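Next up is a structure, given as C-alpha cells.
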Amino acid sequence: MDGFQAEIKALELLQRVQFPSHRLSAYPHQLSTGEKQRALIAMAFICDPEVVILDEPLASLDVLSQKKVLYPLLELLQGRAGLLVTHSLATAAQFSNRAAVLYGGTIVEAAPTQKLFSQPRHPYSRGLLRSYADMDRNKDLQGIRGKAEFVEKGCPFHPRCTQSLLVCQEKKPILQKIEDRKIACHRGGVIPLLTVKGLTKIVGSHKIIEGINQTLYEGETLAVIGAGGAGKTTLAKTVMGLIKATEGEIFLEKKGW
C-alpha cells in the first residue's frame, strides 16, 4: 500500500486501541506510558499477523486504562493464535481459552482456562490461585511456603510442596494427561489428606455429631465453627482417634482406620 493507505490503516488501528486522537503527532518521549503501550499494541497488529505473542500487554497500564485496552485487544485477537505471557491471573482468565502454569521453567499444569481456575489440580496452581483475595466472592486463601529456588533434580516445586515424597526429590515428573488436563506431578495432582465419611458419635441417647462428611486436602486449612456444645471438640477428638466413632469412616491419605 502507499503512504496514504498506510496512514489510514494506522489511524484505524490506533482508534481501536483507544489511542487519543489529539496525540497522533506527538513524539515517543512526549507520550505517557499508557499511550506508548497502546501504540505498540497497534504496531503489533498492523501487518495482520497470524500469531501474536503478548508479553505482559497490560502491565504498564493503570486499572482504568487496562479496561479500555482489554476489549479492543480481544477483538484484534479474533481469528488469530495468541500466546499470552502474564503474571496477572485476571488477565489470563479474561484473555485465554487454555492456560498453562509455569514454575521453575517447567509447565506443571495445563488445562482449559475455566477448569484450571475453578478446579486447579497441581499443588502450585492451587496455591497460586488461592494466594490473593477475590472481592467478588468468598474463596479459600492459602500461602505457599518457602521461596522460589533453583532445583538441580526432581520436581522444581518439591521444596515448597506440602505433599512431596522422596521420588519428588529424585525424579522430575512428566507432564501427562490426567482426565481433563495435563499435570506434572508424581501424585497426580493435589491429593486428599484427610477424608471423613458419615462420622457419627452417640453418647447414651444423645447424638453429639451426626453424618459428618468432609475432605481436607494437602496444604489446606479447614475451620470448624459452632457455638459451645455444638460438637466441635468431639469431632476433633474422634478424627484424632481419641474417641471411637459410633458410625462412619476416617481415611488418612486414603488409608482407613
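The values are calculated or read from the model by the stated rules, or taken from the named source; none is laboratory data. Keep in mind the model is a prediction, meaning the values are calculated, not measured. Here Cβ is always computed from backbone atoms with ideal geometry, including for glycine, and neighbour counts include all displayed protein chains.
If we keep just the residues of the stretch 28-58 that are in a helix (DSSP H, G or I) and touching a Phe, Trp or Tyr at 6+ places or on another chain (Cβ under 8 Å), which is surrounded by the most Cβ atoms within 10 Å (Cβ to Cβ)?
Arg38
Quick one: would you say Lys9 is in contact with an Asp or Glu (Cβ under 9 Å, 6 or more places away or on another chain) and part of a helix (DSSP H, G or I)? Talk me through it step by step, then tell me what you get.
On the way: in contact with an Asp or Glu (Cβ under 9 Å, 6 or more places away or on another chain): no; part of a helix (DSSP H, G or I): yes.
Against the criterion (in contact with an Asp or Glu (Cβ under 9 Å, 6 or more places away or on another chain) and part of a helix (DSSP H, G or I)), Lys9 does not qualify.
Would you mind finding the one in Gln78, Gln66 that is part of a helix (DSSP H, G or I) and of a type outside the set (A, V, I, L, M, F, W, C)?
Checking each option against the conditions leaves just Gln66.
Condition check: surrounded by 14 or more Cβ atoms within 10 Å (Cβ to Cβ) and assigned by TED's automatic domain parsing to the domain that holds Ser60. Does Thr86 satisfy that?
yes
Can Val151 be described as more than 24 Å from Val224 (Cα to Cα) and either surrounded by fewer than 19 Cβ atoms within 10 Å (Cβ to Cβ) or at pLDDT below 90 (or both)?
When the stated conditions are applied, Val151 passes them.
Sticking with this structure for a sec: Counting only residues that are among the hydroxyl-bearing types (Ser, Thr, Tyr) and assigned to a strand (DSSP E or B), which one in the stretch 192-242 is surrounded by the most Cβ atoms within 10 Å (Cβ to Cβ)?
Initial filter on the stretch 192-242 (among the hydroxyl-bearing types (Ser, Thr, Tyr)): 195, 200, 205, 215, 217, 221, 233-234, 238.
Now drop any that are not assigned to a strand (DSSP E or B), which leaves 195, 200, 215, 217.
Numbers: Thr195: 17, Thr200: 15, Thr215: 13, Tyr217: 19.
Among those residues, the one meeting the criterion is Tyr217.
Yes/no matrix, rows are residues, columns are (1) among the small types (Gly, Ala, Ser); (2) out of contact with any Asp or Glu (no Cβ under 7 Å at 6 or more places or on another chain); (3) under 28 Å from Ala111 (Cα atoms):
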residue: Ser21; (1), (2), (3): yes, yes, no
residue: Lys36; (1), (2), (3): no, yes, no
residue: Leu40; (1), (2), (3): no, yes, no
residue: Arg80; (1), (2), (3): no, no, yes
residue: Thr86; (1), (2), (3): no, no, yes
residue: Arg98; (1), (2), (3): no, yes, yes
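Which residue out of Arg160, Arg130, Arg145 is within 17 Å of the chain's Cα centre (by Cα) and at pLDDT 90 or above?
After applying the criteria, what remains is Arg160.
Take the conditions within 19 Å of the chain's Cα centre (by Cα), among the hydrophobic types (A, V, I, L, M, F, W, C) and surrounded by 14 or more Cβ atoms within 10 Å (Cβ to Cβ) and apply them to Phe251. Does it pass?
No; evaluated as a whole, the condition is false for this residue.
A further question on this structure: Could you tell me whether any residue of the stretch 230-250 is touching a Pro at 6+ places or on another chain (Cβ under 8 Å) and more than 30 Å from Val151 (Cα to Cα)?
No: zero hits.
Another one. Cβ-Cβ under 7 Å, sequence separation 6+ or interchain: first residue in the stretch 111-131 and in contact (Cβ under 8 Å) with a residue 40 or more places away in the chain and closer than 17 Å to Ala90 by Cβ, partner surrounded by fewer than 23 Cβ atoms within 10 Å (Cβ to Cβ) and of a type in the set (Phe, Trp, Tyr). Which pairs?
From the stretch 111-131, the pairs are Leu129/Phe117.
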